[in-house]
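Some notes on the structure that comes next.
The values are calculated or read from the model by the stated rules, or taken from the named source; none is laboratory data. Only a predicted model underlies this, so the values are computations on that prediction, with no experimental measurement involved. Note that each Cβ is placed from the backbone with ideal geometry, even for glycine, and that neighbours are counted across all protein chains shown. What goes into the accessible areas is simple: the full protein's heavy atoms, side chains included, and nothing from ligands, DNA or RNA. Shrake-Rupley method; radii C 1.70, N 1.55, O 1.52, S 1.80 Å.
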Amino acid sequence: MSKNTPDVLVFRTGAHGMSSEKYAAELRERLPNHTIECARTPQEEHELIADVTVATGHHFDAELLEHASNLELFACAAAGVNHLPLEEFESRDIAVTNASGVHGPNIAEHVIGNILVFSRNLHEGWRRQQRTEWRHFRAHSRELIDSTVTVVGLGAIGEAIIDRLKPFGCHIIGARYTPEKGGEGADEVIGFDADDFHDALARTDYLVLACPLTETTRGLIDSAAFDTLPPEAVVVNIGRGPLIETDALLSAIRGNNIRGAALDVTDPEPLPADHELWGMGNVLITPHNAGDTDQYYPRLADIVTENLTQIEATGNYDEIKNRVL
């Protein structure tokens with residue numbers, strides 16, 4: 001290995017409008033005895049990846065992997081890893097970790113904010129303000145303390161959402177693929193069995209989708225689900241757009257079969273400018289930015305630092321945090 005080879009290579013692509021150099025700075029602060037290099041160009045990435053044992057970033061294309069002859073760990077800077085060449089990583093015996101948990105607090109705040117907007121009908125107040133119209137409007141007829149919130153997906157984000165819901169005193173149903181694992185903070189936990197899931201939907205005032213997109217969850221909220229939800233229900237999606245069948249959502253809103261929706265993700269995404277959802281007053285849309293936070297890189301650097309410390313202490317990768325491969 002060259003004497004100029006860094007201990008950790010940070011790829012150049014950043015996230016949420018933040019430079020990857022900020023990420024490198026966070027790592028340098030936590031790992032003062034390590035050399036941390038942030039690649040500035042594709043050429044630098046190709047040169048440095050040849051000898052480095054640890055790399056981190058959002059993407060890693062298969063072509064670049066051909067040059068990574070000494071790589072032992074790739075710390076993905078995203079929670080999802082399906083965009084990575086996982087088979088190639090596995091064939092080369094390269095450990096892969098993800099950023100699970102980094103987005104929990106900020107996405108949970110995003111969800112709580114949307115629920116409170118609908119709980120007090122604040123979006124109606126905003127519309128009347130835009131029209132300079134001083135006219136009373138009613139908040140929702142049911143306070144949050146008397147509501148049932150179903151959170152689908154009990155990973156780090158789902159748990160953070162439940163943790164912030166608890167002080168409001170609402171009844172919380174957690175839904176996950178493996179209900180036997182339970183769900184800390186939830187009043188009850190169910191799986192995706194159709195009968196159990198629809199029984200929960202029938203009791204739900206706020207449905208929060210915080211699960212990954214899988215074969216099981218794709219189109220989970222379909223026409224049957226919208227028919228089961230009470231007319232006063234609100235759907236909040238911060239997972240992935242295809243968790244909801246868009247045509248079924250449009251039909252439910254047109255028919256007043258649900259009270260509204262808050263969508264940080266859509267299908268299709270980006271949502272076309274002429275899409276009907278934009279003009280619906282009871283649909284709140286944000287451009288997939290619930291994950292935006294200035295704590296993104298500090299939290300990510302904490303995970304990587306913990307793992308490197310663990311590896312140096314044990315000499316192996318068996319117990320590192322967030323390992324997915």
Margin query: Here are the criteria: (1) surrounded by fewer than 16 Cβ atoms within 10 Å (Cβ to Cβ); (2) without any contact (Cβ under 8 Å) to a residue 60 or more places away in the chain; (3) among the small types (Gly, Ala, Ser). Tell me which single one GLY281 does not satisfy.
Written below: (2)
Check: So how many residues does the stretch 78-100 have that are part of a helix (DSSP H, G or I) and over 21 Å from the mean Cα position of the chain (by Cα)?
Finding: 5
Notebook entry, point to check: Can you pull out the residues in the stretch 149-173 that are without any contact (Cβ under 8 Å) to a residue 24 or more places away in the chain and under 16 Å from GLY104 (Cβ atoms)?
Noted result: LYS166
Next item on the list: Kindly list the number of the only condition in (1) in contact with a helix residue (DSSP H, G or I) (Cβ under 9 Å, 6 or more places away or on another chain); (2) surrounded by 13 or more Cβ atoms within 10 Å (Cβ to Cβ); (3) closer than 25 Å to TYR296 by Cβ; (4) modelled with pLDDT of 95 or more that fails for ASN114.
Entry: (1)
Item checked: Of residues in the stretch 79-110 being under 30 Å from PRO167 (Cβ atoms) and of a type in the set (A, V, I, L, M), the one surrounded by the most Cβ atoms within 10 Å (Cβ to Cβ) -> VAL102
Item checked: Residues of the stretch 27-45 classified as of a type outside the set (Val, Ile, Thr), open to solvent by 30 Å² or more (accessible area, probe 1.4 Å) and either in contact with a Pro (Cβ under 6 Å, 6 or more places away or on another chain) or in a helix (DSSP H, G or I) (or both), total -> 7
Checklist line | Total residues in the stretch 295-324, condition small (Gly, Ala, Ser) and either touching a Leu at 6+ places or on another chain (Cβ under 8 Å) or open to solvent by less than 70 Å² (accessible area, probe 1.4 Å) (or both) | finding: 2
Next item on the list: Under 9 Å between Cβ atoms, at least 6 apart or on separate chains: pull out the pairs that start in the stretch 52-71 with a residue that is within 22 Å of VAL102 (Cβ to Cβ) and end on any residue that is of a type in the set (Asp, Glu) and open to solvent by 70 Å² or more (accessible area, probe 1.4 Å).
Entry: VAL54/GLU72
Next item on the list: Sort out which residues of the stretch 278-325 are part of a loop (DSSP other than H, G, I, E, B), of a type in the set (S, T, N, Q) and under 26 Å from HIS103 (Cβ atoms), and write them in order of number.
Entry: THR286, ASN289, THR293, GLN295, ASN322
